[in-house]
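Structure record follows, encoded as structure tokens.
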Amino acid sequence: MEALTKNPLFYGMEFSDHPETLKDWIPLIMEGRTSNEPIAATKIDSGTDVNFGALTRMLFEHLQDRDVQVHYNHCVKGMKRTADGSWEVKVEDLGGKNIEYHTAKFVFIGGGGGSLPLLQKTRIQESKQIGGFPVSGLFLVCKNQDVIDKHQAKVYGKAKVGAPPMSVPHLDTRYIDHQKTLLFGPFAGFSPKFLKTGSYFDLIGSVKPNNIFTMLAAGIKNIPLTKYLIQQVLLSKEKRMEELREFIPNAASEDWDIVVAGQRVQVIKDTESGGKGTLQFGTEVVSAEDGSVAALLGASPGASTAVHVMLEVLKQCFPSQMKEWEGKIKRNDSFLWNITIESP
């Protein structure tokens with residue numbers, strides 16, 4: 001603890017195992033606990049909750065003010081190389097139901113769960129031996145305003161033994177559309193869709209002759225994880241409430257509803273260290289050897305890795321220009337650093 005607080009990232013962090021102090025920090029969690037029940041916590045006041053939907057809309061509006069064209073209700077249907085090495089992108093206008101073709105020398109694919117199918121459409125060598133497995137995230141959401149008002153924090157617990165790192169339970173105060181809410185989770189769910197609004201054939205459609213053995217190897221190597229996911233999918237609401245009661249002993253089932261937060265497509269690839277069919281829990285940047293196309297795969301990057309990811313894309317796809325851009329990037333280093341650390 002003392003060593004951590006000397007680091008600027010953890011400056012101001014406090015530790016306590018005194019019940020009275022913890023009642024002040026996390027009153028809802030301390031309700032209904034006996035005085036002899038051991039519990040401890042660290043607290044830091046500089047955490048920030050970021051509404052990425054609102055932030056994305058602000059960034060797009062800024063781009064449009066700078067004459068950048070942003071097209072909504074459009075779906076990429078195909079990509080192919082042209083004679084001069086550019087990419088021809090086939091796009092369907094979902095509103096007008098017409099097909100458009102756009103040509104670009106460089107294409108970045110950042111479509112969340114939809115990135116893998118788009119990368120496969122490029123047919124580049126680097127897209128081979130890569131698969132994806134979709135996992136949905138479920139949360140318990142409180143609908144009792146009296147309970148919501150008692151909590152003002154983002155509290156993390158510890159993942160159960162054998163559970164993946166993304167399953168660390170947390171009780172969050174969130175502001176959604178200016179409305180204070182309280183969420184607990186995540187719980188894993190399953191849908192073969194790669195996006196919440198995707199197709200039930202997304203998973204099957206992503207299995208190709210060049211990645212089928214990678215996918216099968218991942219299934220064999222991750223039997224404990226598969227068992228964990230099956231157990232999660234089969235959990236009843238009351239079983240999920242029992243996990244919530246480890247945080248809030250007095251939690252009432254009628255105060256909470258279950259919602260599906262979204263889909264994540266975990267990357268499966270062959271690696272030197274992990275061998276064939278290694279399941280990746282982070283993000284992956286895959287780019288063509290000539291740097292003409294790059295794709296961001298895996299879990300949602302968030303503010304903690306977004307800057308690093310984009311710098312990696314620049315280094316991989318524009319190595320000669322990076323020397324020219326390096327000075328400007330370093331001049332904006334403090335700005336990039338602030339973006340990186342603002343999401344707890």
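For the reader, a short list of remarks on this structure follows.
- Output for the stretch 129-141, where each listed residue is over 20 Å from VAL50 (Cα atoms) and either modelled with pLDDT of 90 or more or touching a Pro at 6+ places or on another chain (Cβ under 6 Å) (or both): GLN129, ILE130, GLY131, GLY132, PHE133, PRO134
- Top-ranked residue in the stretch 272-306 [being of a type in the set (Ser, Thr, Tyr) and at pLDDT 90 or above; ranked as surrounded by the most Cβ atoms within 10 Å (Cβ to Cβ)]: SER287
- Among the candidates SER343, SER253, SER334, SER320, the residue that is at pLDDT 95 or above and either open to solvent by 50 Å² or more (accessible area, probe 1.4 Å) or out of contact with any Pro (no Cβ under 6 Å at 6 or more places or on another chain) (or both) is uniquely SER253.
- Looking across the stretch 118-143, the residues that are open to solvent by 40 Å² or more (accessible area, probe 1.4 Å) and under 23 Å from SER292 (Cβ atoms) come down to LYS121, ARG123, GLN125, GLU126, LYS128, GLN129.
- Whether a residue is open to solvent by 30 Å² or more (accessible area, probe 1.4 Å) and farther than 30 Å from LEU311 by Cβ was assessed, and GLY219 passes this test.
- Residue among THR271, THR305 that alone is within 12 Å of the chain's Cα centre (by Cα), within 27 Å of GLY137 (Cβ to Cβ) and without any contact (Cβ under 8 Å) to a residue 40 or more places away in the chain: THR305
- Unique residue being open to solvent by less than 30 Å² (accessible area, probe 1.4 Å), out of contact with any helix residue (DSSP H, G or I) (no Cβ under 9 Å at 6 or more places or on another chain) and among the β-branched types (Val, Ile, Thr) when the list is VAL309, VAL267, VAL233, VAL259: VAL309
- Taking residues in the stretch 1-23 that are of a type in the set (S, T, N, Q), and partners anywhere that are open to solvent by less than 90 Å² (accessible area, probe 1.4 Å), the pairs with Cβ atoms closer than 8 Å and at least 6 places apart or on different chains are THR5/GLY12; THR5/MET13; SER16/LEU22; SER16/TRP25; SER16/ALA40; SER16/ALA41; SER16/LYS43.
- Subset tally (residues that are within 25 Å of SER191 (Cβ to Cβ) and in a strand (DSSP E or B)) for the stretch 224-278: 16
- Residue that is under 25 Å from LEU22 (Cβ atoms), free of Cβ contacts under 8 Å to residues at least 24 places away in the same chain and open to solvent by 30 Å² or more (accessible area, probe 1.4 Å), where the choices are LYS160, LYS239, LYS154: LYS160
- Condition check for ILE99: at pLDDT below 90, of a type in the set (Val, Ile, Thr) and open to solvent by 40 Å² or more (accessible area, probe 1.4 Å): no
- When residues in the stretch 197-212 are screened for being touching a helix residue (DSSP H, G or I) at 6+ places or on another chain (Cβ under 8 Å) and open to solvent by 60 Å² or more (accessible area, probe 1.4 Å), 1 of them pass.
- Qualifying position, being surrounded by fewer than 18 Cβ atoms within 10 Å (Cβ to Cβ), modelled with pLDDT of 95 or more and either among the acidic types (Asp, Glu) or in a strand (DSSP E or B) (or both), among ASP172, ASP146: ASP146
- If you filter the stretch 45-96 down to residues that are closer than 25 Å to LYS180 by Cβ and hydroxyl-bearing (Ser, Thr, Tyr), you find that the one that is modelled with the lowest pLDDT is THR48.
- For the stretch 114-127, a residue qualifies if it is in contact with a helix residue (DSSP H, G or I) (Cβ under 9 Å, 6 or more places away or on another chain) and not acidic (Asp, Glu), and the qualifying residues are GLY114, LEU116, PRO117, LEU119, GLN120, LYS121, SER127.
- Failed item in (1) over 19 Å from the mean Cα position of the chain (by Cα); (2) buried (at least 19 other Cβ atoms within 10 Å of the Cβ); (3) part of a loop (DSSP other than H, G, I, E, B), with PHE194 passing the rest: (1)
The values are calculated or read from the model by the stated rules, or taken from the named source; none is laboratory data. Model, not experiment: these values are computed from the prediction. FYI the Cβ positions are ideal-geometry reconstructions off the backbone, even for glycines, and counts take in every protein chain you see. These area figures cover heavy atoms from the full protein model, side chains too; ligands, DNA and RNA do not enter into them. Shrake-Rupley method; radii C 1.70, N 1.55, O 1.52, S 1.80 Å.
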